[in-house]
Each structure stands twice: as C-alpha cells, then as structure tokens.
Amino acid sequence: LLRVVERLRLAGERASDVLSAAALHDVVEDCDVTLEEISDRFGPRVAWLVGDLTRTKDQTFGEFLDQLRRSSREARAIKLSDRLDNVREMRLFGVDTFGDMPVAAYLAQSSDVLEKCGDASRVLAVALSAEIEKSNAVM
C-alpha cells in the first residue's frame, strides 16, 4: 500500500487527492467499504479515482482494461504503480501464484495493463516493463 504511494510520488505525482486514492486503491475490492464512504471521508475526487481503479465482481478482465483505458491519467498511473509493486513482490518472494492466479497469467495481464496505462507515466511504465521482463526471465 505505502509502496504504491511512494513509487507514485517518486514518479513525480504531488497531488494529495491522487496520493490518497493510491493509498485507498484496493479498499472497495478488498474491504467492506463503498465509494460513497470514501467520498464522505476523503472527498468526491478521491472516490472518483478509486472508482476508476475498481474492478467489479461481474466485470471480465477485458472490460476492466477498457475501463482503465478510458480512465484519467492519474488513475492509470496509480494502476501502473500498483502492478509494479505486485510484480516486483512476486519476483522477490518467488511465488507461484498471485492470489488465485498463476504467475504467468498475472504477468500476461500486467503486460495488458502496461499497454493500456503506459502513457500515464513514462517512469512507471519503464519500471513495470523491466519488472515483467525480469519476472519472465526467472520463470
């Protein structure tokens, strides 16, 4: 969580609402928290950004990629930072799965995310590309 925020900040992001959304990017998917609650506590812009990053239970991955492609530059940059953190963590800990997904499938999805979001932050895109490459090399 904090690594996602810090990588985003190191990539040049300074807006507090974007950094707040980065800190909250997974709470709707992983916790019993709604976008309305986020809006009430952190403001509508933070909730809107988190909403851009949230994959609903009934969405296919392709539909989620389309959502990301249409999302704001800031939301796409948060997603790049999140994927970078996940891929780096998988490689460093040498796991076989990420959640319930085999590493190879997660890396393929990460490449798809990079393709849709890479224009949001060159720094994060280059770093994610390198991590995917390193991870594929050790598989």
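The values are calculated or read from the model by the stated rules, or taken from the named source; none is laboratory data. Every value quoted in this text rests on a predicted model; they were computed, and no experiment measured them. Note that each Cβ is placed from the backbone with ideal geometry, even for glycine, and that neighbours are counted across all protein chains shown. To get the accessible areas, we keep the full protein, side chains included, count just its heavy atoms, and leave off ligands, DNA and RNA. Shrake-Rupley method; radii C 1.70, N 1.55, O 1.52, S 1.80 Å.
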Notebook entry, point to check: Which ³J(HN,Hα) values, rounded to whole Hz and listed in residue order, are derived for the range 53-70 from phi using the Karplus coefficients 6.51, -1.76 and 1.60 in 6.51 cos²θ - 1.76 cosθ + 1.60 with θ = phi - 60°, glycine and proline given as x?
Noted result: 9, 8, 8, 6, 4, 8, 7, 6, 5, x, 5, 5, 4, 4, 4, 4, 4, 8
Next item on the list: Pull up all non-local amide H partners of Phe98: gap of 5 or more, or a different chain, and H-to-H distance under 5 Å with H placed in the peptide plane.
Entry: Val103
Item checked: Tensor-based shape of the range 3-50 (alpha-carbon gyration tensor, a/c under 1.5 rounded, otherwise prolate or oblate) -> oblate
Note to self: To make sure I understand the rule: partners must be lysines, Cα under 16 Å from the Cα of Lys79, and not fewer than 8 residues away in the same chain. Which ones qualify?
What the structure shows: Lys116
Check: Using r as the Cβ-Cβ distance of Glu36 and Val138, and R0 as 35 Å, what FRET efficiency do you calculate, to the nearest 0.05?
Finding: 0.25
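Taking only protein heavy atoms into account and a 1.4 Å probe, give the accessible area per residue of the chain in Å².
Numbers: 7580 Å² over 139 residues.
Computed with neighbouring chains in place, this is 55 Å² per residue.
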Notebook entry, point to check: Between Thr97 and Asp66, what FRET efficiency follows from the Cβ-Cβ distance if R0 is 25 Å, with the result rounded to 0.05?
Noted result: 0.45
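Rank by packing, highest mean first: peptides 113-121, 12-20, 79-87, with packing defined as the count of other Cβ atoms within 10 Å averaged across residues. Before the final figure, lay out the partial values.
Working: 113-121: 19.8, 12-20: 15.4, 79-87: 25.7.
Most protected by this proxy first, the peptides run 79-87, 113-121, 12-20.
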